[in-house]
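Heads up: the structure comes next, in structure tokens.
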Amino acid sequence: MLVLAFDTATPAVTAAVHDGERVLAERTTVDARRHGELLVPTIEEVLRAAGVTLRDVTAIVSGRGPGPYTGLRVGLATAQALASATGAPAYGVCTLDAIAYAVAADGPFLVATDARRKEVFWGSYDAGGARLAGPAVDRPDALPGVLPVAGAGARMYAATIGPDRVIDPEYPSAGALAALAAERLAAGAELEPPLPIYLRRPDARVPGPPKRVTA
């Protein structure tokens with residue numbers, strides 16, 4: 001098994017190669033405005049660092065979000081394009097699940113990422129990282145309970161959520177995403193297709209017809 005994983009659902013552009021047992025290479029750059037520019041070079045870099053080629057890859061995995069429309073589409077479109085070019089199957093994994101996989105917690109916790117419009121995308125998880133609820137979108141002050149919260153949304157709204165509730169990691173790790181996908185594939189689980197999780201309409205809208213200015 002050789003898994004190539006990447007995620008562009010948050011400001012972090014992250015990619016990794018996993019051989020089914022360990023992460024062979026991983027790179028992450030945090031830049032919310034350069035997903036399209038950074039992803040392919042980052043993929044090329046981790047393949048080179050792992051000493052493999054794209055033709056060696058047996059599974060391609062992209063984060064499905066939820067996340068802002070434009071950045072999220074970069075990763076998913078790339079996964080579909082690479083699958084078409086190589087013949088390797090492409091899968092999608094919830095980005096919140098990838099963040100949760102890297103959390104070290106003794107009990108249940110939440111994951112929250114920035115949803116813009118003063119909201120967060122969130123999900124709740126048990127101590128083992130299994131999702132219990134979500135993904136959903138809501139105001140930071142509406143997050144349930146008093147559980148620890150991982151993700152950039154927790155840091156962004158720490159004053160509202162409570163600074164003592166904020167835990168690591170801040171952004172998804174492609175290494176964690178690849179490890180989670182490899183674990184599920186090895187167990188025979190059926191992964192989702194590389195399709196986006198949208199919880200609301202995109203910020204950009206098609207302009208409507210011009211308003212009449214005469215009677």
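The values are calculated or read from the model by the stated rules, or taken from the named source; none is laboratory data. These numbers were taken from a predicted model, which means no experiment stands behind them. Don't worry about glycine lacking a Cβ; one is built from the backbone with ideal geometry, like all the others, and counts go over all protein chains shown. Note: accessible area is taken over every heavy atom of the protein model, side chains too, but ligands, DNA and RNA are not part of it. Shrake-Rupley method; radii C 1.70, N 1.55, O 1.52, S 1.80 Å.
A few notes on this one:
- Scan of region 1-41 for residues that are part of a helix (DSSP H, G or I), farther than 18 Å from THR86 by Cα and touching a strand residue (DSSP E or B) at 6+ places or on another chain (Cβ under 6 Å), ordered by number: HIS35, LEU38
- Residues of region 71-82 satisfying the condition of being open to solvent by 30 Å² or more (accessible area, probe 1.4 Å) and in contact with a Gly (Cβ under 8 Å, 6 or more places away or on another chain): VAL74
- Across region 43-66, not a single residue is classified as at pLDDT below 95, surrounded by fewer than 22 Cβ atoms within 10 Å (Cβ to Cβ) and touching a strand residue (DSSP E or B) at 6+ places or on another chain (Cβ under 8 Å).
- Annotation for region 64-82: at least one member residue is free of Cβ contacts under 8 Å to residues at least 12 places away in the same chain and either under 19 Å from MET1 (Cα atoms) or of a type outside the set (Lys, Arg) (or both).
- Residue in region 84-96 that is out of contact with any helix residue (DSSP H, G or I) (no Cβ under 6 Å at 6 or more places or on another chain), open to solvent by 50 Å² or more (accessible area, probe 1.4 Å), farther than 21 Å from VAL137 by Cα and in a helix (DSSP H, G or I) present: yes
Residues are listed down the side, and each one gets a yes or a no for (1) touching a Gly at 6+ places or on another chain (Cβ under 6 Å); (2) of a type in the set (A, V, I, L, M):
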position	(1), (2)
MET1	yes, yes
PHE6	yes, no
THR28	no, no
LEU39	no, yes
LEU47	no, yes
ALA59	no, yes
TYR69	no, no
SER84	no, no
TYR91	no, no
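- Scoring ALA130 on the criteria (1) more than 20 Å from PRO172 (Cα to Cα); (2) without any contact (Cβ under 8 Å) to a residue 40 or more places away in the chain leaves a single failure, condition (1).
- Selection count where residues are in contact with a Cys (Cβ under 9 Å, 6 or more places away or on another chain) and either of a type outside the set (Lys, Arg) or open to solvent by less than 30 Å² (accessible area, probe 1.4 Å) (or both), scope region 103-141: 3
- Residue in region 177-190 that is of a type in the set (D, E, K, R) and in contact with a strand residue (DSSP E or B) (Cβ under 6 Å, 6 or more places away or on another chain) present: no
- Selection status of GLY71, in contact with a His (Cβ under 9 Å, 6 or more places away or on another chain), at pLDDT below 95 and either assigned to a loop (DSSP other than H, G, I, E, B) or not aromatic (Phe, Trp, Tyr) (or both): yes
- Taken as a whole, the structure places ALA32 among residues that are under 19 Å from VAL111 (Cβ atoms) and open to solvent by less than 70 Å² (accessible area, probe 1.4 Å).
- Pair list, Cβ under 7 Å, 6 or more apart: region 86-97 residue of a type in the set (A, V, I, L, M), other residue part of a loop (DSSP other than H, G, I, E, B): ALA88/VAL57; ALA88/THR58; ALA90/PRO194; VAL93/ARG64; VAL93/LEU191
- Residue satisfying all of: in region 142-160; touching a residue at least 12 places away in the same chain (Cβ under 8 Å) and not in a loop (DSSP other than H, G, I, E, B); surrounded by the most Cβ atoms within 10 Å (Cβ to Cβ) among these: ALA154
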